[in-house]
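Okay, so here's the structure we're looking at.
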Amino acid sequence: RYAVSCSAVRVGNLQKINTDYGYESGDVVLRETARILRHAIRRSDFLSRSAGNEFTVLLRQCDGEQAVETMRRICARINENKFFDGRRTIKAQITWGTASSDESDSEFSADKLVATAAERASQEPDA
């Protein structure tokens, strides 16, 4: 049995981007965030859009420590990126949270892993 980790990545300022610049600009930020995530993870990992402003990343054979380091690196890259919508440069404010099957003494549950990662993404920018 190997560790699996789940990370929630949230574009925290998406509503402000949509309000200030329009939904097309928000869509650019979401598409580019997804592209950066997709290219930064391994082929064996899984990426999905789980909510309007949130992505879920499933990291196979990756313990909690490795997941935190991986997501810290990827999310720093997204936060440093300048998104261009054709008219202006936009900065995203990414928050994220990670949970791993190796951090719990209880039974492994995929639902619990996803929920814990999402909760941590809403609480701390670097959890």
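General remarks:
- Residue that is nearest to Arg77 (Cα to Cα) [pool: residues in region 12-34 that are open to solvent by less than 60 Å² (accessible area, probe 1.4 Å) and without any contact (Cβ under 8 Å) to a residue 12 or more places away in the chain]: Asn18
- Leading residue by the ranking (most open to solvent (accessible area, probe 1.4 Å)) among those in region 35-78 that are among the polar types (S, T, N, Q) and within 18 Å of Arg120 (Cα to Cα): Gln66
- If you go through region 53-101 and keep only what is touching a helix residue (DSSP H, G or I) at 6+ places or on another chain (Cβ under 7 Å), part of a helix (DSSP H, G or I) and within 14 Å of Ser7 (Cα to Cα), you end up with Gly64, Ile74, Ser101.
- Taking the criterion of being closer than 23 Å to Lys16 by Cβ, more than 16 Å from the chain's Cα centre (by Cα) and of a type outside the set (Phe, Trp, Tyr), the residues of region 66-107 that qualify are Lys82, Asp85, Gly86, Arg87, Arg88, Thr89, Ile90.
The values are calculated or read from the model by the stated rules, or taken from the named source; none is laboratory data. Treat the numbers as computed from the prediction; the structure is a model and nothing was measured. With ideal geometry, Cβ positions are generated from the backbone for all residues, glycine too; neighbour counts draw on all protein chains shown. For the accessible areas, the whole protein counts, side chains as well, though only heavy atoms, and no ligand, DNA or RNA atoms are used. Shrake-Rupley method; radii C 1.70, N 1.55, O 1.52, S 1.80 Å.
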